[in-house]
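The values are calculated or read from the model by the stated rules, or taken from the named source; none is laboratory data. A quick note: this is a predicted structure, and the numbers were derived from the prediction, not measured. Glycine gets a Cβ as well: all are built from the backbone with ideal geometry, and neighbour counts include every protein chain shown. For accessibility, only protein heavy atoms count, side chains too; no ligands or nucleic acids. Shrake-Rupley method; radii C 1.70, N 1.55, O 1.52, S 1.80 Å.
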Amino acid sequence: MTIPRQIGPETGPRTALPDYSRSSATVERMVAALHQAPGRKRGAAGSVRALLPAAAVRDTMLRAIISAVLLGGVLIAGVVIALLLVSLPEGRSPGIGLLMLLLALGALAVILLLLGLRFGIVALGTARSRVEISEEGLHVIGGIGSRRVPWRDIVAVESRVVHPVHWLTAALRLRDGSRVVMPAFDRHVWTYSQASGQDIRTLRIELRRREQAAGRRF
């Protein structure tokens, strides 16, 4: 069967059809279908790639369990302190030995509370954290908030940054001297000695490529 090159009435205006015998027509139709796909944002400046934690489900569960155990320890310490205070005879103050024990239990409860909150925050961050790469820059999403960082503001990608909450993690060093922590790259104690992963190298390569492109323009 022969495919017509034009459609329409013989005496009126006719519509030309693409030459389907050539591969260029097929490519054009594929590109047009791609631009009209429902999942593509029209007007968006390029695609967005997301970098996620290496084992998000495992790390989230592990940190949540540790947080629950530590907070349970706080509850146990509080109950013990309350029982010791209740056991005192009425009208008598605790002796020096009991007082030291109460202070030790109180200090332990505070430490366990801080560690439990820390692991809870990091578990939440692991569950929802990611780094989105786009033409405009990076969108760093953490457990509580997020921040968009343009490429022009980034000086370096640091893989061994010590943070009071995230401990050993990765961060973006900006031109104003500040850092933007990336919770998606928080590391466990047993991985401290390992080299940075492929995602960190990907960010560094992309940053270097854009710096070289900007240098050629100027």
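Observations
- Among the residues of the stretch 190-218, those identified as in contact with a Leu (Cβ under 8 Å, 6 or more places away or on another chain) and either in a helix (DSSP H, G or I) or open to solvent by less than 20 Å² (accessible area, probe 1.4 Å) (or both) are Asp199, Thr202, Leu203.
- Against the criterion of being under 21 Å from Trp167 (Cα atoms) and either of a type outside the set (S, T, N, Q) or assigned to a helix (DSSP H, G or I) (or both), Ala68 qualifies.
- Among the residues examined, Gly137 does not qualify as open to solvent by less than 70 Å² (accessible area, probe 1.4 Å), of a type outside the set (A, V, I, L, M), modelled with pLDDT under 90 and under 12 Å from the mean Cα position of the chain (by Cα).
The rows are residues; the columns are (1) crowded, with 17+ Cβ neighbours inside 10 Å; (2) under 16 Å from the mean Cα position of the chain (by Cα).
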site: Gly95; (1), (2): no, no
site: Leu98; (1), (2): no, no
site: Leu108; (1), (2): no, no
site: Arg118; (1), (2): yes, no
site: Ser146; (1), (2): no, yes
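- Pairing each residue of the stretch 113-138 that is in contact (Cβ under 8 Å) with a residue 40 or more places away in the chain with any residue that is assigned to a strand (DSSP E or B) and of a type in the set (Phe, Trp, Tyr), provided the two are 6+ apart or on different chains, yields C-beta distances under 9 Å for Arg118/Trp167; Val122/Trp167.
- Of the set (1) over 16 Å from Ala123 (Cα atoms); (2) charged (D, E, K, R); (3) touching a Pro at 6+ places or on another chain (Cβ under 9 Å), all apply to Asp186 but (1).
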